[in-house]
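*Asks:* Below is a structure I'd like to ask you about.
The values are calculated or read from the model by the stated rules, or taken from the named source; none is laboratory data. Fair warning: this is a prediction, and the values are worked out from it, not measured in the lab. Neighbour counts run over all protein chains shown; Cβ positions are idealised from the backbone, glycine included.
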Protein chains: 2
Amino acid sequence: MPVDPAAPIEVTAFAWVPPFARGQVRDLRVRWALEEAGLPYRVRLLQGERPADYYREQPWGQVPAYREGGVALFECGAICLHIAEKSEALLPRDEAGRGRATTWLFAALNSMDVPAMGLTITSIFNAEADWSAGASAAFAAFLDQRLSRLSDWLGEREWLEGRFTVGDLMMVCVLRSIADEGLVAKYPNLAAYVARGEARPAFIRAMQAHMADFVAEPA
Amino acid sequence: MPVDPAAPIEVTAFAWVPPFARGQVRDLRVRWALEEAGLPYRVRLLQGERPADYYREQPWGQVPAYREGGVALFECGAICLHIAEKSEALLPRDEAGRGRATTWLFAALNSMDVPAMGLTITSIFNAEADWSAGASAAFAAFLDQRLSRLSDWLGEREWLEGRFTVGDLMMVCVLRSIADEGLVAKYPNLAAYVARGEARPAFIRAMQAHMADFVAEPA
């Protein structure tokens, strides 16, 4: 297990989130990347209200933020890319392969996450609003179009470019965050792809560490 | 002007989009990055229906796609990062500075673009829906929160990390894509930041080339 209080890499995480959000907070993505790369890390848990100076580290007040010597990052995509640059397990060393992995990393966080998070915002965060059903149907239709294209691309392959990369890591995380599970289940090759990601030993270790850090009650 | 039919770098663009979308299609972002880096490029214009094999190049059927020798990319973020790696004009060479620029690139395309594109989807693409106003108000409120944090971060600085990087390039592009201009105008330092980006000679050249490639009528 690479959680080590003396490690030079520090990742922030929330000490408490509501039970439905556990297993989805974005520190999980960074923990997974660190596990794939075999890099130890320490966790700084944020309790209760964020301290005012945390916004200088993470301007949105979210997690994760990342520190390693003089390097200070936020945004799970930037952090996972930084980690990937340290390990061929996440990023091929040749320029063409590196470009494909990076392309899928951005595809996950922009082309897929825009409709995916949009659906979370309309269907979960605003579930009680009178416009929730109508708006959610529009985001679900857009998301379904993207999922259909991704399913076509993946076909019978194990990973998006044949071998696992940081692009798969992020795409699996975005797909498993989709508020309506039926949207992914409609594409059996995508459902199997997510299951393959979740079965990786590094994912399992990351999820165990992610879940173990939550306290039962908010401070 | 680096548009050169013999250049080794190829970027795809649409030959026609509705007038309201001109000046916003994402090939502009890549042209801007190429202008900042001083790299010549050729343009492959897509006319009418996308050919079926274009989806193997750009799985969403969007632009831009990018080719350069054996490198084939899509997603404007991945392409701009690839270009940035070739030029210190876009990406500092030290690890800490590189990490900050990359962080803002992802921040623009995920933390800012999720609510920004969400608002475009609810208020423009679904303007006639009975749920449009309610959903748009929710996305505008979320976006305003992010803009407020970005304004706090930027303060009196010229660029997000003091000097212009690919992170500023993308953040300026996302801010200028926001469907409700009043949201950015509310923060004078952000409005001035966008204007500074749009005043850069490289942006002006990229915009001229982007606009010059559109034909008057769809094929």
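*Asks:* Could you tell me whether any residue of the range B:158-176 is outside any loop (DSSP other than H, G, I, E, B) and out of contact with any helix residue (DSSP H, G or I) (no Cβ under 8 Å at 6 or more places or on another chain)?
*Replies:* The initial filter retains those residues of the range B:158-176 that are outside any loop (DSSP other than H, G, I, E, B), namely B:166-176.
Next, only the ones that are out of contact with any helix residue (DSSP H, G or I) (no Cβ under 8 Å at 6 or more places or on another chain) stay: none.
Checked the range B:158-176: no residue is outside any loop (DSSP other than H, G, I, E, B) and out of contact with any helix residue (DSSP H, G or I) (no Cβ under 8 Å at 6 or more places or on another chain).
*Asks:* Please work out which residue is nearest to A:Asn110 (Cα to Cα), limiting yourself to the range B:73-88 and to residues that are facing another protein chain (nearest Cβ under 7 Å) and of a type in the set (A, V, I, L, M). Spell out the reasoning first.
*Replies:* Within the range B:73-88, the first condition is being facing another protein chain (nearest Cβ under 7 Å), and the residues that meet it are B:73-75, B:77-78, B:81-82.
Cutting the leftovers down to of a type in the set (A, V, I, L, M) gives us B:73, B:78, B:81.
Details: B:Leu73: 15, B:Ala78: 11, B:Leu81: 14 Å.
So, considering only residues that are facing another protein chain (nearest Cβ under 7 Å) and of a type in the set (A, V, I, L, M), the one nearest to A:Asn110 (Cα to Cα) is B:Ala78.
*Asks:* Filter the range B:177-201 down to the residues that are closer than 15 Å to B:Trp32 by Cβ, touching a residue at least 60 places away in the same chain (Cβ under 8 Å) and of a type in the set (D, E, K, R) and list them by number.
*Replies:* Across the range B:177-201, the qualifying residue is only B:Arg200.
*Asks:* Any residue in the range A:118-130 that is more than 7 Å from chain B (Cβ to nearest Cβ) and surrounded by 18 or more Cβ atoms within 10 Å (Cβ to Cβ) sitting within a Cβ distance under 6 Å of a residue that is outside any helix (DSSP H, G or I) and of a type outside the set (Lys, Arg)? List the pairs, counting only those 6 or more apart or interchain.
*Replies:* Qualifying pairs under 6 Å: A:Leu119/A:Ala179; A:Thr120/A:Ala179; A:Ser123/A:Ala179.
*Asks:* Among the residues of the range A:177-205 satisfying the criterion of being under 12 Å from the mean Cα position of the chain (by Cα) and part of a loop (DSSP other than H, G, I, E, B), which is surrounded by the most Cβ atoms within 10 Å (Cβ to Cβ)?
*Replies:* A:Ile178
*Asks:* In this structure, does A:Ile79 turn out to be more than 13 Å from A:Thr12 (Cα to Cα) and buried (at least 21 other Cβ atoms within 10 Å of the Cβ)? Before the answer, list the steps.
*Replies:* On the way: more than 13 Å from A:Thr12 (Cα to Cα): no; buried (at least 21 other Cβ atoms within 10 Å of the Cβ): yes.
It is false that A:Ile79 is more than 13 Å from A:Thr12 (Cα to Cα) and buried (at least 21 other Cβ atoms within 10 Å of the Cβ).
*Asks:* From the list A:Glu68, A:Glu35, A:Glu57, exactly one residue is out of contact with any Leu (no Cβ under 6 Å at 6 or more places or on another chain), crowded, with 21+ Cβ neighbours inside 10 Å and within 14 Å of another protein chain (Cβ to nearest Cβ). Which is it?
*Replies:* Details: A:Glu35 fails: within 14 Å of another protein chain (Cβ to nearest Cβ); A:Glu57 fails: crowded, with 21+ Cβ neighbours inside 10 Å.
Exactly one of A:Glu68, A:Glu35, A:Glu57 is out of contact with any Leu (no Cβ under 6 Å at 6 or more places or on another chain), crowded, with 21+ Cβ neighbours inside 10 Å and within 14 Å of another protein chain (Cβ to nearest Cβ), namely A:Glu68.
*Asks:* Of all residues in the range B:131-151 being free of Cβ contacts under 8 Å to residues at least 24 places away in the same chain, within 7 Å of chain A (Cβ to nearest Cβ) and not basic (Lys, Arg), which is nearest to A:Glu75 (Cα to Cα)?
*Replies:* Going through the qualifying residues, I end up with B:Ala138.
*Asks:* Given the condition among the acidic types (Asp, Glu), more than 9 Å from chain B (Cβ to nearest Cβ) and closer than 29 Å to B:Leu160 by Cα, answer yes or no: does some residue in the range A:89-97 qualify? It would help to see each step written out before you state the result.
*Replies:* Initial filter on the range A:89-97 (among the acidic types (Asp, Glu)): A:94-95.
Imposing the further condition that a residue be more than 9 Å from chain B (Cβ to nearest Cβ) reduces the set to none.
No; the residues of the range A:89-97 include none that is among the acidic types (Asp, Glu), more than 9 Å from chain B (Cβ to nearest Cβ) and closer than 29 Å to B:Leu160 by Cα.
*Asks:* From (1) free of Cβ contacts under 8 Å to residues at least 12 places away in the same chain; (2) of a type in the set (Asp, Glu); (3) farther than 21 Å from A:Met171 by Cα, pick out the condition that doesn't hold for B:Glu75.
*Replies:* (3)
*Asks:* Given the criterion at pLDDT below 95 and either over 29 Å from A:Leu73 (Cβ atoms) or in contact with a strand residue (DSSP E or B) (Cβ under 9 Å, 6 or more places away or on another chain) (or both), identify the matching residue among B:Glu128, B:Glu181.
*Replies:* None of the others qualify; the one that does is B:Glu181.
*Asks:* For the range B:131-166, how many residues meet the condition of being of a type in the set (Gly, Ala, Ser) and either buried (at least 23 other Cβ atoms within 10 Å of the Cβ) or at pLDDT below 95 (or both)?
*Replies:* Restricting attention to the range B:131-166, the residues satisfying the condition of being of a type in the set (Gly, Ala, Ser) are B:132-138, B:140-141, B:148, B:151, B:155, B:162.
Filter once more, so that each one left must be either buried (at least 23 other Cβ atoms within 10 Å of the Cβ) or at pLDDT below 95 (or both): B:135-136, B:162.
The total comes to 3.
*Asks:* When the residues of the range B:98-114 are narrowed to those that are without any contact (Cβ under 8 Å) to a residue 60 or more places away in the chain and within 7 Å of chain A (Cβ to nearest Cβ), which ends up surrounded by the most Cβ atoms within 10 Å (Cβ to Cβ)? First the steps, then the outcome.
*Replies:* Let us first name the residues in the range B:98-114 that are without any contact (Cβ under 8 Å) to a residue 60 or more places away in the chain, namely B:98-99, B:106, B:110-111, B:114.
Keeping just the survivors that are within 7 Å of chain A (Cβ to nearest Cβ) gives B:99, B:106, B:110-111, B:114.
On the way: B:Gly99: 23, B:Phe106: 28, B:Asn110: 23, B:Ser111: 25, B:Val114: 24.
Selected residue: B:Phe106.
*Asks:* Just checking, which of B:Ala72, B:Ala89, B:Ala7, B:Ala84 is under 30 Å from A:Ala72 (Cβ atoms), modelled with pLDDT of 95 or more and over 15 Å from the mean Cα position of the chain (by Cα)? Please lay out each step first, then the result.
*Replies:* Values: B:Ala72 fails: under 30 Å from A:Ala72 (Cβ atoms); B:Ala7 fails: under 30 Å from A:Ala72 (Cβ atoms); B:Ala84 fails: over 15 Å from the mean Cα position of the chain (by Cα).
Residue meeting the stated conditions: B:Ala89.
*Asks:* Here's something else I'd like to know. When you scan the range B:54-64, do you find a residue that is under 29 Å from A:Thr120 (Cα atoms) and among the aliphatic types (A, V, I, L, M), even just one?
*Replies:* yes
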